[in-house]
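The numbers here are math on the coordinates, done by the rules we state, and not lab data. Quantities reported herein were computed from a predicted structural model and do not represent experimental measurements. Because the Cβ atoms are built from the backbone with ideal geometry, glycine has one as well, and the counts that use them run over all protein chains shown.
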Amino acid sequence: MAIRTTKTNATTTRTSSEIDLFDGVSASRQAKRNAAEIAAEIIIENIQTDLNATKSPVSGEQFKRLDDAQKRIKRKRGEPTIPNLELSGTMRDQLDVKVTGSGKIEVGVFGDAAPRADGHNNLSGKSALPLRQFLPKEGEDFRSGIQRELNQVIAEAVAESVTTTQRLPARRLQNASSKSAFFDILREFFVDFTNAQIETAVFRNPELVLFFRDRNLLRFFNGSNN
Amino acid sequence: MAVTINRRGLKITIDLPTLERLNPDNVMNNETKDRLGNTALTAIKSRVTNGLSPVEGVPRFPGYKSTRDGSGYPRTAAIREKFPAKKTRPVNLTLSGEFLSLLTYRVDQLGITIGWFDRRQRTRDLIATHQEGRHPHVPRRQILPLDEGNRFVASIRRSIKNVVLERITRIINS
């Protein structure tokens, strides 16, 4: 799919994953920028939510329970004795996402708590702590629910682009002999997206709906009234 | 609007019935306004219950006092007795649940207004404390973008925008 973790960093001030949201997918610079801002919020919200629920936003699995010594420390501080990666709260306060380029983001812990984040994520390969991963390593994805949300955002960006900078091949689409042939042509733009994702993106774009309606092509979509 | 170019020239067809149906009153009918309100409230409350402000540029809600020294809110005897389920994390502005449940929307002529419409002193105090940050000992935890230059985070703006776009495409497609 379009989303790819291209690089990870583990320094004293930065433990992070760099993610390309548009790997192999074309979209306008503005559409990529808008999508990256939305994706950044979706990622931060999902990571914080999953950490509250003591599960990994990467694998989707529950974190290993705390041992008795760790529980004692957290109890003493008035913190819940669950592996939510909160003691002072600094590390999760420093969790952030930056839009670094056209359709590119960097998610991680930026500040003095970065080494603690590497302790949990082991991006450096040097941590001896139990893995409680919330940042994807190179080539890894977020759990499927987060990926689905992000893919929809990217599909909407592609839809925005095909109405502004690119041109859909009207004649080829009109000559499509079947629904699958029709969606295969659309997939030249919406690379690797499912029919449902393409359809949702189309029906959030009035210009595209007009384009398809004026050419009697809405019949290929499930949500169409035609 | 369809545009056709051939050897004889340029032909522009304007679809007047669709254009008429796309008037603002029809796009922003009461059903759309309700969908807008519900979508926005769901997104706002989802972030707040997870300790995040829905306002762009505002960091995660600051921790409670007890998370720093092991005493104080919400670990006081009174709170523990009355609300034993209240935890120190996440900082979600939820004790009895009343404050967030009172955050609602009203449909009006132009669109919707989101806010607290409850006039009781208790609610006004909570708004002053959390939304406006007027309590001397409690950090501000802003929920609505009411300051100049404020706006919702991009993901909430997208959810709201999609409600309107889906309404427009439904009209075009009807």
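Determine the dipole magnitude for the protein assembly as shown: charges of +1 sit on the beta-carbon of Lys and Arg, -1 on that of Asp and Glu, nothing else is charged, the reference point is the Cα centre, and the result goes in debye to the nearest 20. Walk me through the intermediate numbers first.
Working: 64 positive and 45 negative charges, 137 e Å.
Result for the protein assembly as shown is approximately 660 debye, rounded to the nearest 20.
Residues of A:198-208, mean number of Cβ from any other protein chain within 10 Å of their own Cβ, rounded to a whole number? Spell out each step's value before the answer.
Working: counts 0, 0, 2, 0, 1, 8, 9, 4, 11, 4, 1.
Partner-chain Cβ atoms within 10 Å, mean over residues of A:198-208: 4.
How would you rank B:D34, A:D50, going from fewest to most other Cβ atoms within 10 Å of each one's own Cβ? It would help to have the intermediate numbers written out before the result.
On the way: B:D34 14, A:D50 23.
The order, fewest Cβ neighbours first, is B:D34, A:D50.
Which whole-number value in Å³ per residue fits the convex hull of the alpha carbons of chain A?
Values: hull volume 27.9 nm³, N = 226.
Dividing the Cα hull volume of chain A by its residues yields 124 Å³.
Compute, for the stretch A:48-116, the length of the dipole vector about the Cα centre, with Cβ point charges of +1 (Lys, Arg) and -1 (Asp, Glu) only. Units Debye, rounded to 20.
My answer is approximately 300 debye.
Over the Cα atoms of the protein assembly as shown, each weighted equally, I'd like the Debye log10 I(q)/I(0) at q = 0.06, 0.08 Å⁻¹, rounded to two decimals.
-0.30, -0.53
Give the distance, in whole Å, between the Cα centre of the stretch A:157-226 and the Cα centre of the stretch B:105-157.
40
Please identify the trypsin sites (Lys or Arg not before Pro) of the stretch B:89-145 that satisfy two criteria: DSSP loop assignment and at most 14 other Cβ atoms within 10 Å. Which are they?
Answer in residue order: B:R119, B:R120, B:R134.
Using the structure shown, select from A:K7/A:K74; A:K71/A:K98; A:K98/B:K161; A:K7/A:K55 the pairs with a Cα to Cα distance greater than 29 angstrom. Don't skip to the answer; put the middle values down first.
On the way: A:K7/A:K74 33 Å; A:K71/A:K98 33 Å; A:K98/B:K161 23 Å; A:K7/A:K55 23 Å.
Listed pairs above 29 Å: A:K7/A:K74; A:K71/A:K98.
On C-alpha positions alone, give me the angle between the axis of helix B:154-173 and the longest principal axis of chain B, in degrees, nearest 10.
30
What net charge do the residues around A:S127 carry, taking every other residue with its C-beta under 13 Å from that of A:S127, with Lys and Arg at +1 and Asp and Glu at -1?
+3
Placing +1 at every Lys and Arg Cβ and -1 at every Asp and Glu Cβ, with all other atoms neutral, what dipole size does the stretch A:149-214 have around its Cα centre, in debye to the nearest 20?
Values: 7 positive and 9 negative charges, 65 e Å.
The dipole magnitude comes to about 300 debye.
Pairing the Cα long axis of helix B:30-49 with the longest principal axis of chain B, what angle in degrees results, from 0 to 90 and rounded to the nearest 10?
40
Between the helical axis of A:144-164 and the dominant principal axis of chain A, each derived from Cα atoms, what acute angle in degrees is found, rounded to the nearest 10?
40
What list of ³J(HN,Hα) values in whole Hz, one per residue of the stretch A:132-137 in order, does the Karplus curve 6.51 cos²θ - 1.76 cosθ + 1.60 (θ = phi - 60°) give from phi, with Gly and Pro shown as x?
10, 8, 10, 10, x, 7
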